[in-house]
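Colleague: Dropping a structure here in structure tokens format, bear with me for questions.
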Amino acid sequence: MKKIILSAIIVFNAIMANAQSVPVYQDDTKPVEARVQDALSRMTLEEKCRLCYAQSKFTSPGVPRLGIPELYMSDGPHGVRMEINWNDWGHSNWTNDYCTAFPALTCLAATWDTELAMLYGKSVGEEARYRKKSILLGPGVNIYRTPLNGRNFEYMGEDPYLAGQMAVPYIKGLQSNGVACCLKHYILNDQEEFRGHVDVKISDRALYEIYLAPFKAAVQQGDAWSIMGSYNCYRGIHNTHNPYLINDILKKELGFKGAVITDWGAAHDTKQSVFYGLDIEMGSYTNGLTTEATGFGYDDYYLGKNYLKMAQNGEVSMDIVNDKAARILRLIFLTEMNSKRPYGSINSPEHVAACKKIAEEGIVLLKNDKAKNGSKLLPIVPAKYKTVLVVGDNATKPLCPGGGSSELKPKDEVSPLRGIKERFGNDWTILTAQGYESGRSRYDGADEIPQSLQDSLHDDAVEKAKKADLIIYIGGLNKNHFEDCEGGDRRFYNMSYNQDKLISDLAAIQSNMITVITSGNSVAMPWLKQIPALIQNWYGGSEAGHALAAVLSGDVNPSGKTVFSYAAKLEDYPSHKYGLVGYPGVEPKDVPEALKCADGENPKSADLLAKFAANQKAIPEPLSNAHLNTSFDARTHGGKGNEQQVYAEDIFVGYRYFDTKKQPVVFPFGYGLSYTTFAYSNAKISGKQIAEGSTLTVSIDVKNTGSVAGKEVVQLYIGDDKASVVRPAKELKHFQKVALNPGETKTVTFTITTDDLKFFDEDKHEWVAESGTFKAYVGASVADIKAVLPFTL
């Protein structure tokens, strides 16, 4: 018995001794900061520097000597991209890298549902974790400034508050799996044209109030673990290593503790990368998609051997070296060295259901007037029709491939035609017509389509329309180059492939026509008066067809709301009122002339130039060395390599411009119809005054006055009656989506704080709320206000 007890004691002591011998950095029961400091104390200078640049297309190294693993990254944000080769851009052609393709982020934003954003992030995070990824490159929160931006479908619209509040739960859900988000693209990367070098001129106020706001929310409320620096420039310096944007604002003002990662190929200079805040360099000497310069290895990266040499020579302080290494170690400990993270799952029934739910709730019913037969076409009553024509290339075209780095390889992608056939196939004779040809989904150029083929497809659709009792047109944009696609912007506001004429010709034959626009952008609608029903469908991912069919049939009542303003023509958008200097940019010598205002109420060009010149002086001269490659940038991203762009519309982006100027739009921000109706009543505010540190409560009753269950997005805007600066008529500050059964009433409540009243004071460099009279606007959209409640500060 004594021998047994003695053996047990020996074993116990051995276990305890072994436990005590585990280094702190390997023990994930210890605080992350303690692990970081312990690891730093054990690392050599070479190991610290080597953390900072890639070892393959989508991995960066760890510290093999210490058993610290590498980081595995994957494109997102709508799903986990198929595997890419280790050292080139080719697909690896694995047979086990299929994913669930979730709806594009414009669709998620259009749900206005933060719980769905959490579900989205959690689900895509589970898939990333199953695929053994450390970092998913998303979400994107760049602002919808121009409808020509090829990547708007990856973002969350024109309002910074909405984008931020939808990004925060996405990030929390994603990171709950031990997979880091990589919030992108920081910052002012609001177009693809000239993206690699265009130098954005913008006021501090517009920077803070509009473009920085969603990043701030994601960092401070969402605790984003990493951020991707953008390709473009600000104040003459590339954003991915910019002292003002990264060191001063992101890391000091916002308190960001994570790692800054380049967009692929966004770094341009060793000294700027070292001193201006970059932590991990990826994809240098490439265009981030398909091409790369020859003769460069990973050690030739800007944070490669040149950085190490500078550190060895004492040109870089150890504070900088340790800070970069600490941020990367923190990322590794939260992901790859986190034993508590779940194992994940992929293509599960739960993920497919989440995909369908998000797609359904994001669909926006834009128009549902009575047709010539005297009734509304939606929801469809199958018995009213015998022969239905489904026409349009997007009815069958796969829309998960293409689009650039957000391309996906879904296990299944339900097309709209398939969804319609599965839902209505037993009720109708369904005819189909392609209507037009769009070519392959590719992001390295557009296919040339013979006009004779387009004419033939057009004529075929028109002939079949003569036989149909109902037409369902499914068109819009796609993931081809110069459409909704990375690497290039749309070339015009109208839809491609002569769709405007096709829609008009079809509507002239059969007035019972439902038009479905699949896109991540607004489009010109010269045919709008001809059609009774219009749906904004977005890119719905794996379950796109099932979601659309559910809304068409009424199985799901549409509840999506627009996330950007639909203007009648391109020139109506404030970013396009200044010609080429507003978009896409001009050579520096042409900026003064180009800034002659098209809108006399905006600042004069001389005032703008003086302001930007003063801001430029606040930044140190760009560091440079021989390891700079601007010619490659210009060659791969278009333009002459020195274009400048002025955000002359300032804070008046989207509805902030249209609403303030009282300029009509086709469809306003926050707008969407339902198959039921809602009544607002009994609006109240808890007081007439608010002071710093106090709050006011706004409440309103919302009743479903129709005959079917539905959901309404109640929106709260704030307007400042009089201020020392020009302010928008109103700005979104809160929203809530509420589900109501027929006849049911619910009270929706919002809490107003003084932060909701503030603007950014450029002179003081702080947020300011001025005393005076304000109004709380409660409505169903920015243009459909149900109650106005005044109060004073």
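Colleague: If region 101-151 were replaced by its equivalent ellipsoid, with semi-axes equal to the square roots of 5 times the Cα gyration tensor eigenvalues, what would those be, largest first, whole Å?
Modeller: 23, 15, 8
Colleague: Taking all pairs of distinct Cα atoms, average 1/r, flip it, and tell me the Kirkwood hydrodynamic radius of region 128-251 in Å to one decimal place.
Modeller: Computed over region 128-251, the radius equals 14.6 Å.
Colleague: Along the charge dipole of region 234-374, pointing to its positive end and built from +1/-1 on Cβ of Lys, Arg, Asp and Glu, which listed residue (346, 308, 250) has its Cα farthest out?
Modeller: With unit charges placed on the Cβ atoms, the residue in question is 346.
Colleague: Summarise the long-distance tail of P(r) for region 639-793 by giving the % of C-alpha pairs beyond 20 Å.
Modeller: 56
Colleague: In Å, what is the Rg of the alpha-carbon atoms in region 408-529, and how long is Dmax?
Modeller: Cα-based Rg and Dmax for region 408-529 come out at 15.2, 44 Å.
Colleague: Taking 20 °C and 1.002 mPa s as the conditions, I'd like the Stokes-Einstein D for region 69-111 in µm²/s, using the Kirkwood hydrodynamic radius from alpha carbon pairs.
Modeller: Here the translational diffusion coefficient equals 175 µm²/s.
Colleague: Kindly provide the Kirkwood hydrodynamic radius of region 382-473 in Å, to one decimal, from all pairs of distinct alpha carbon atoms.
Modeller: Computed over Cα pairs of region 382-473, the Kirkwood hydrodynamic radius comes out at 14.7 Å.
Colleague: What's the magnitude of the charge dipole for the chain around its Cα centre, counting Lys and Arg as +1 and Asp and Glu as -1 at the beta-carbon? Answer in Debye, nearest 20.
Modeller: For the chain, the charge dipole is close to 1720 debye.
Colleague: Beyond 22 Å, how much of the Cα-Cα pair distribution for region 43-189 remains, as a whole percent?
Modeller: Looking at region 43-189, the distances longer than 22 Å represent 45 percent of pairs.
Colleague: Express the C-alpha Rg of region 704-754 as a ratio against the empirical globular expectation 2.2 N^0.38 Å, rounded to two decimals.
Modeller: 1.57
Colleague: Whole-Å semi-axes of region 110-190's equivalent ellipsoid, largest first, each the root of 5 times a Cα gyration tensor eigenvalue?
Modeller: Listed largest to smallest, the semi-axes of region 110-190 are 23, 14, 9 Å.
Colleague: Per residue, how big is the convex hull around the C-alpha atoms of region 264-376? Give it to me in cubic angstrom, could you?
Modeller: 240
Colleague: Moving on to the next point. Calculate the dipole size of region 711-756 relative to its Cα centre from +1 charges on Lys and Arg beta carbons and -1 charges on Asp and Glu beta carbons; express the result in debye to the nearest 20.
Modeller: Charge dipole, region 711-756, about its Cα centre: 100 debye, nearest 20.
Colleague: At what distance in angstrom do the alpha carbon centres of region 171-234 and region 396-438 lie from each other?
Modeller: 33
Colleague: Hey, any idea what the orientation-averaged projected area of the convex hull of region 542-592's Cα atoms comes to, in nm²?
Modeller: 6.2
Colleague: With +1 assigned to the C-beta of every Lys and Arg and -1 to the C-beta of every Asp and Glu, and no other charges, what is the dipole magnitude of region 284-437 about the Cα centre in debye, to the nearest 20?
Modeller: 880
Colleague: In Å and from the alpha-carbon atoms only, list the Rg and Dmax of region 424-467.
Modeller: 14.2, 42
Colleague: How large is the Kirkwood hydrodynamic radius of region 702-793, in angstrom, based on all distinct alpha carbon pairs?
Modeller: Computed over Cα pairs of region 702-793, the Kirkwood hydrodynamic radius comes out at 14.7 Å.
Colleague: Moving on to the next point. Need one number: convex hull volume per residue for the chain, Cα atoms only, in Å³.
Modeller: 195
Colleague: With a 1.4 Å probe and all protein chains left in place, how much accessible area per residue does region 83-150 have, in Å²?
Modeller: It amounts to 30 Å² per residue over region 83-150.
Colleague: Which of the peptides 563-572, 444-453, 529-538 is most tightly packed, and how do the rest follow, going by the mean number of other Cβ atoms within 10 Å of each residue?
Modeller: 529-538, 563-572, 444-453
Colleague: Moving on to the next point. How far is the Cα center of region 77-146 from the Cα center of region 442-490, in Å?
Modeller: 27
The values are calculated or read from the model by the stated rules, or taken from the named source; none is laboratory data. Everything numeric in this text was worked out from a predicted model, so none of it was measured. FYI the Cβ positions are ideal-geometry reconstructions off the backbone, even for glycines, and counts take in every protein chain you see. Heads up: the accessible areas ignore ligands, DNA and RNA and are worked out on the full protein's heavy atoms, side chains in. Shrake-Rupley method; radii C 1.70, N 1.55, O 1.52, S 1.80 Å.
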